[in-house]
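Trainee: This is the structure I want to talk about, given as structure tokens.
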Amino acid sequence: MREYKIVVLGSGGVGKSALTVQFVQGIFVEKYDPTIEDSYRKVSKTMLNCDMYNREQFTAMRDLYMKNGQGFVLVYSITAQSTFNDLQDLREQILRVKDTDDVPMILVGNKCDLEDERVVGKDQGGNLARSFNNCAFLESSAKAKVNVHEIFYDLVRQINRKNPEKKTKPQKKSKCIIL
């Protein structure tokens, strides 16, 4: 299988690990436990290896993961405005490290099952995605299993469009980094 290096970024507590665990293992992690390092593998049409790092503790590694990443998931919580506000800086850092403005990317408003606690409107997410060079945008819920698979598969499709696989190369495993 082809290797996909996906980097998942966002503030603490937005559900980066919960989304990844739901995608890879099909379970919801109820308790918030800041990820220091973890590894997951999903075998399907796309094999996905996910290594997770706490971005606050591994800031020196972040640029390296951004440099090597092929696609990026930017996650915020619809229940916390500050997590939404952090995304502009993260995107700018990705573009600076990658030295391009054409990067496969998806903006994800997570925790859409918490509609009663919503502080970031869906229109705000859509507007931000448009300002991010019309990147893809989805709202998701790791808990309710809403759009979890769509996030990762949409990003893989973007990567495939940008860099079509050459038939002569052997297929490899994919990799997902959570920062």
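Trainee: Quick one: would you say GLU92 is more than 19 Å from THR20 (Cα to Cα), open to solvent by 80 Å² or more (accessible area, probe 1.4 Å) and not small (Gly, Ala, Ser)?
Mentor: Working: more than 19 Å from THR20 (Cα to Cα): yes; open to solvent by 80 Å² or more (accessible area, probe 1.4 Å): yes; not small (Gly, Ala, Ser): yes.
Criteria met by GLU92.
Trainee: If I filter the range 67-80 for residues that are open to solvent by 20 Å² or more (accessible area, probe 1.4 Å), under 23 Å from CYS135 (Cβ atoms), modelled with pLDDT of 95 or more and out of contact with any Phe, Trp or Tyr (no Cβ under 6 Å at 6 or more places or on another chain), do I get at least one hit?
Mentor: So in the range 67-80, the residues open to solvent by 20 Å² or more (accessible area, probe 1.4 Å) come out as 67-68, 70, 79-80.
Those left that are additionally under 23 Å from CYS135 (Cβ atoms): 67-68, 70, 79-80.
Cutting the leftovers down to modelled with pLDDT of 95 or more gives us 79-80.
Of the ones still in play, those that are also out of contact with any Phe, Trp or Tyr (no Cβ under 6 Å at 6 or more places or on another chain) are 79-80.
Within the range 67-80, one or more residues are open to solvent by 20 Å² or more (accessible area, probe 1.4 Å), under 23 Å from CYS135 (Cβ atoms), modelled with pLDDT of 95 or more and out of contact with any Phe, Trp or Tyr (no Cβ under 6 Å at 6 or more places or on another chain).
Trainee: What's the total number of residues in the range 118-170 that are open to solvent by 70 Å² or more (accessible area, probe 1.4 Å), outside any loop (DSSP other than H, G, I, E, B) and under 17 Å from GLY69 (Cα atoms)?
Mentor: Of the residues in that region, 3 qualify.
Trainee: Kindly indicate whether LEU128 is under 24 Å from ASP63 (Cβ atoms) and either modelled with pLDDT under 95 or out of contact with any strand residue (DSSP E or B) (no Cβ under 9 Å at 6 or more places or on another chain) (or both). Break it down into steps so the answer makes sense when it comes.
Mentor: Numbers: under 24 Å from ASP63 (Cβ atoms): yes; either modelled with pLDDT under 95 or out of contact with any strand residue (DSSP E or B) (no Cβ under 9 Å at 6 or more places or on another chain) (or both): no.
Considered against the rule, which asks whether it is under 24 Å from ASP63 (Cβ atoms) and either modelled with pLDDT under 95 or out of contact with any strand residue (DSSP E or B) (no Cβ under 9 Å at 6 or more places or on another chain) (or both), LEU128 comes out as no.
Trainee: Since SER17 meets every condition but one in (1) surrounded by fewer than 21 Cβ atoms within 10 Å (Cβ to Cβ); (2) polar (S, T, N, Q); (3) at pLDDT below 90, which condition does it not meet?
Mentor: The one condition SER17 does not meet is (1).
Trainee: For the range 95-117, enumerate the residues that are open to solvent by 60 Å² or more (accessible area, probe 1.4 Å) and assigned to a helix (DSSP H, G or I). Please lay out each step first, then the result.
Mentor: Filtering the range 95-117 for residues open to solvent by 60 Å² or more (accessible area, probe 1.4 Å) gives 96, 99, 101-102, 113, 115-117.
If the condition is that a residue be open to solvent by 60 Å² or more (accessible area, probe 1.4 Å) and assigned to a helix (DSSP H, G or I), then ARG96, GLU115, ASP116, GLU117 are the ones that fit.
The values are calculated or read from the model by the stated rules, or taken from the named source; none is laboratory data. As the structure is a computational prediction, the values presented were derived from the model and not from experiment. Cβ coordinates were reconstructed from backbone atoms using ideal geometry, including for glycine residues, and neighbour counts include every protein chain displayed. Heavy atoms of the whole protein, side chains included, go into the accessibility calculation; ligands, DNA and RNA do not. Shrake-Rupley method; radii C 1.70, N 1.55, O 1.52, S 1.80 Å.
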